[in-house]
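The structure appears right after this line, and notes come after that.
The values are calculated or read from the model by the stated rules, or taken from the named source; none is laboratory data. A quick note: this is a predicted structure, and the numbers were derived from the prediction, not measured. When we count neighbours, we look across all protein chains shown, and the Cβ atoms used for this are built from the backbone with ideal geometry, even at glycine. We work out accessible area using only protein heavy atoms, side chains counted, and drop any ligands, DNA or RNA first. Shrake-Rupley method; radii C 1.70, N 1.55, O 1.52, S 1.80 Å.
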2 protein chains.
Amino acid sequence: MTGRKFTLNVPTNLGFTTKDIAKAVQRGDVIIVIDVLRCSSTIVTALANAADAVIPTKTVKEARILHKKHPEFILAGERRGIKPKGFDLGNSPLEFSPQKVKGRHIILTTTSGTKAIILSKNAKYVFTGAFLNAEATAKAALNLAQQEKIGISLISAGTNGRFSLEDFICVGAIVESFPADNLEHSDAILAALLAFQQTRKSLDRVIQSGHHARYLISQGFEEDVKFCSQLNIFKIVPFLKGEIIVPLNGSLLFY
Amino acid sequence: MTGRKFTLNVPTNLGFTTKDIAKAVQRGDVIIVIDVLRCSSTIVTALANAADAVIPTKTVKEARILHKKHPEFILAGERRGIKPKGFDLGNSPLEFSPQKVKGRHIILTTTSGTKAIILSKNAKYVFTGAFLNAEATAKAALNLAQQEKIGISLISAGTNGRFSLEDFICVGAIVESFPADNLEHSDAILAALLAFQQTRKSLDRVIQSGHHARYLISQGFEEDVKFCSQLNIFKIVPFLKGEIIVPLNGSLLFY
């Protein structure tokens, strides 16, 4: 009985590094890439505002080359938080309004988030998670994990490989929204859950105390930080289909 | 003014890996090695029960060789939680009673904790922290950091390099006890603080949910796990003096 019960549990893991992503892919886990400030939040917002797709690229150069082939696409992203020269949009979710992105493809390159998504691309299911869509992401991921009898790996993409406060707390927010209790949490997941539970009433304030939030605020992006700290305002779950990110809604059926 | 204020702040960092220890040594930080289950707790308890010194060794072999030279020393430690063949004591703090350890030197080798202490040995100040002595450790470390204008690195020695729930929460317990507010916390430290604040009323229960606690309980060490979850029952701060660990009390004067 114990053996059987164990196999029905869904193991959850938290990864911080490139190596952790490789291990998650190898295990065949559902992968949730989290980079709250701001890549994940931007992708969620763009798709919620009816962009057709987001195409992540690793480098600014690759983004430019793709844009030359497809000048009809929006060219967006950041390095050190700032929009590269000649780009249409930066990495501020507030820029990705319905007026600008509806029905459009967006090429996106960011310091950490898009790289983590691309590193995950050999996994069958790669989602993008943020506070903005924590509950929707949790439900979709658990649904698939239970259906396919696989685990869930949450990847904190962070900033330049550093431990990220906002990503860690977001992991807790997502994990708390898993609509089941047959989960086998790793120690890091349990810790993230505790950090979120302690924070939920003051998400805004706590997130603003983090290292990258303070950097962004110093660069004039305070409104972005506030926007990205909102919990469950969107039901969109960005899903990596081949090399492009589309809303999950129905798209798995055609995978 | 801002510049000066910044230099008076004490930067705090949380490290998980061998690399993080090397960086902390290089920065010249006060280092606090934490391995709640059970190495740190055992060292604190042994010294609180009037052992003269604890001598950490990396391998079981080194421990045996040292014991051959000094058969009057107590030979103690574990691998996979279990006492190696021929050892006097395991790694259970409850074994290190005053009757057994008073006035004695103890050779100790454990899977993670003693290794992390030895890796830190080129730092000027290396302490051993646990729940048992969280407040005393915090006070001693901050005192030195302020005096010497250096940072503090808390090292979660974990189990085989894994993220450890109990060590992470213990970091939060120590950080919360720093008797000052001019600290510049890293994101990981802020997260550990949140996790501790959420846990403090149910330390026992939360620690028991961790991976290594469950392993220890399965091996019959439930009482150890409970013992190690007690906050501030000792005022001893173990301090690495050359290659041996002694109580801090006064010993820095002769360093």
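B:Leu193 meets the stated requirement of being open to solvent by 10 Å² or more (accessible area, probe 1.4 Å), touching a strand residue (DSSP E or B) at 6+ places or on another chain (Cβ under 9 Å) and within 14 Å of chain A (Cβ to nearest Cβ). When the range A:93-135 is filtered for residues that are open to solvent by 10 Å² or more (accessible area, probe 1.4 Å) and either among the aromatic types (Phe, Trp, Tyr) or farther than 22 Å from A:Ala22 by Cα (or both), the ones remaining, listed by number, are A:Leu94, A:Glu95, A:Ser97, A:Pro98, A:Gln99, A:Lys100, A:Lys102, A:Gly103, A:Arg104, A:His105, A:Tyr125, A:Glu135. Among the residues of the range B:33-52, not a single one is open to solvent by 10 Å² or more (accessible area, probe 1.4 Å), within 24 Å of B:Tyr215 (Cβ to Cβ) and touching a strand residue (DSSP E or B) at 6+ places or on another chain (Cβ under 7 Å). Filtering the range A:172-189 to residues that are open to solvent by less than 30 Å² (accessible area, probe 1.4 Å) and at the interface with chain B (Cβ under 10 Å from one of its Cβ atoms) leaves A:Gly172, A:Ser186, A:Asp187, A:Ala188, A:Ile189. The residues of the range A:136-167 that are over 14 Å from A:Thr12 (Cβ atoms), buried (at least 17 other Cβ atoms within 10 Å of the Cβ) and within 14 Å of chain B (Cβ to nearest Cβ), listed by number, are A:Ala157, A:Gly158, A:Thr159, A:Phe163, A:Ser164, A:Leu165, A:Glu166, A:Asp167.
Please determine whether any residue of the range A:55-77 is more than 16 Å from the chain's Cα centre (by Cα), part of a helix (DSSP H, G or I) and within 30 Å of A:Leu231 (Cβ to Cβ). No, because not a single residue in the range A:55-77 is more than 16 Å from the chain's Cα centre (by Cα), part of a helix (DSSP H, G or I) and within 30 Å of A:Leu231 (Cβ to Cβ). For the range B:197-210, a tally of residues being surrounded by 20 or more Cβ atoms within 10 Å (Cβ to Cβ) and either in contact with a His (Cβ under 7 Å, 6 or more places away or on another chain) or within 8 Å of another protein chain (Cβ to nearest Cβ) (or both) returns 4. Highlighted here are the helices (runs of 4 or more DSSP H) found entirely within the range A:94-186 that include at least 2 residues which are more than 16 Å from the chain's Cα centre (by Cα): A:98-101, A:134-148.
Among the residues making up the range A:211-235, those that are away from every other protein chain (no Cβ under 14 Å), open to solvent by 10 Å² or more (accessible area, probe 1.4 Å) and of a type in the set (D, E, K, R) are A:Glu222, A:Glu223, A:Lys226, A:Lys235.
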